[in-house]
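Presented below is the structure to which this report refers.
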Amino acid sequence: MRFLEVEKKGLAQIKSQNRIRIFSEILRQQPISRTQLETVLSLSPSTVSRIVEQLLKAGIVKESGTEPTAIGRKPIMLYIREDAYYVIGISITKKRIVFGLMNVLGEVIEKVQWSTIAISRSEELLSTLERGINHLLLTYSISPEQILTIGIAARGLINKETGSILYAMETKEWIPVREHLNQLFDCPVYLENNVAADLKAQYMQDSVIENAMVYLYMDEGIGGSIIYDGKIIDGQSNMASRFGHLTVIPDGNLCSCGKRGHLEAYVTNSLLIEAYRQQTQSSCSSVKEICFAASQGEPSANIIIDEALRKLAFAISQILVNINPGTLVLYGELFEYYQGVIDALKKEIDKLVFDEKLYQIKWIIRKEHQVQVEQSIAKLALEWVLV
Ligand SMILES: [Zn+2]
């Protein structure tokens, strides 16, 4: 990043800002000529020519050859070298950390996945992040200066101002991810909630999403996001759309937050698997298996799924009444593998809401293979660092 860094004061700042503007413009529009850069960025030919020379010298930009044509010489076109810079996208969930390495053109080079089951404390998470990034850099002989930006998408709460994440609800410990990585790698670190990262990269530019969209996921926990008018609604304390903590049974089961009766105290993947194991004495290990058993008519599987859908319908009907979205996106094995899940949910929701228009909306099931959070966050971080 150092070469493109904005220097602190005065003329130097303007110069280095122009450097970033030119770099960004070439990356977005390539191939592009010097003359086109002058026009688009309203810069003088001498400024463009000087900065392009610097970028060529630093090995960041490359030129196409000139060809003589009937009407004269074609202009020399400029490209960003794909190995000039790299972007690292990291997705942190309760079970794993996924490290993605992308070149500056957004092409995926590597994806490494590590378990985080043993991690709960701040130092452990920070050192795992550090080891993962260093592993990628060493494997591909990339120097730390070549990291343009690091994007981190994490489960749970994110404080974008301090750059810290509340990784484990139980510890109530805010982990200073950005500060730590800034010290080590000297590049901008972009933080986002994992769901928001997935949604932003996937749907933000998607103009077909009508006014409000709600996303609900169910995996090791339950969460989601609300997009309204093209923006993620975070709420006053970044706590909007914590759907896992909607009350579905007053004074019911104990939730991870310490209170009772929340959705997450009833339907997470591991709770469903555990219930099914107990009922059937089987060694079931996924919700997908329960869905399959249910479709074969296995009674325990059907009871567990029906009960889960009923709890989900309680929560979804509250969401629908509060937000009245045009689109509802569902993510999780239960939604992906239980046949007829949308109709089953609609049937339950119909018993609860005052008007069927609330659920006669667009329902989308987002499948696991479509979700590549480490790529989404890398894409967002790159977009954020460019001007
Ligand atoms: Zn709770």
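The values are calculated or read from the model by the stated rules, or taken from the named source; none is laboratory data. Owing to the predicted nature of the structure, the values given are computational and were not obtained by experimental measurement. Glycine gets a Cβ as well: all are built from the backbone with ideal geometry, and neighbour counts include every protein chain shown.
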ask   = Would a scan of segment 134-146 turn up a residue that is under 17 Å from L382 (Cα atoms), in contact with a helix residue (DSSP H, G or I) (Cβ under 7 Å, 6 or more places away or on another chain) and assigned by TED's automatic domain parsing to the domain that holds D186?
value = yes
remark   = Within segment 323-361, of all residues that are in contact with a strand residue (DSSP E or B) (Cβ under 9 Å, 6 or more places away or on another chain) and without any contact (Cβ under 8 Å) to a residue 60 or more places away in the chain, the one nearest to T247 (Cα to Cα) is L345
key: Residues being within 14 Å of the ligand (Cβ to nearest atom) and out of contact with any Asp or Glu (no Cβ under 9 Å at 6 or more places or on another chain) - total across segment 232-241   = 1
ask   = Can you pull out the residues in segment 254-272 that are over 14 Å from F314 (Cα atoms) and either of a type outside the set (S, T, Y) or more than 7 Å from the ligand (Cβ to nearest atom) (or both)?
value = L254, C255, C257, G258, K259, R260, T268, N269, S270, L271, L272
remark   = In the set D229, D251, D186, D198, the lone residue that is away from the ligand (no atom under 14 Å from the Cβ), without any contact (Cβ under 8 Å) to a residue 40 or more places away in the chain and of a type in the set (D, E) is D229
message = Can you tell me which condition L352 does not meet? The list is (1) in contact with a Leu (Cβ under 8 Å, 6 or more places away or on another chain); (2) not in a helix (DSSP H, G or I), and all the others hold.
response = (1)
ask   = If you take the residues in segment 90-125 that are closer than 20 Å to I158 by Cβ and small (G, A, S), which one is surrounded by the fewest Cβ atoms within 10 Å (Cβ to Cβ)?
value = S120
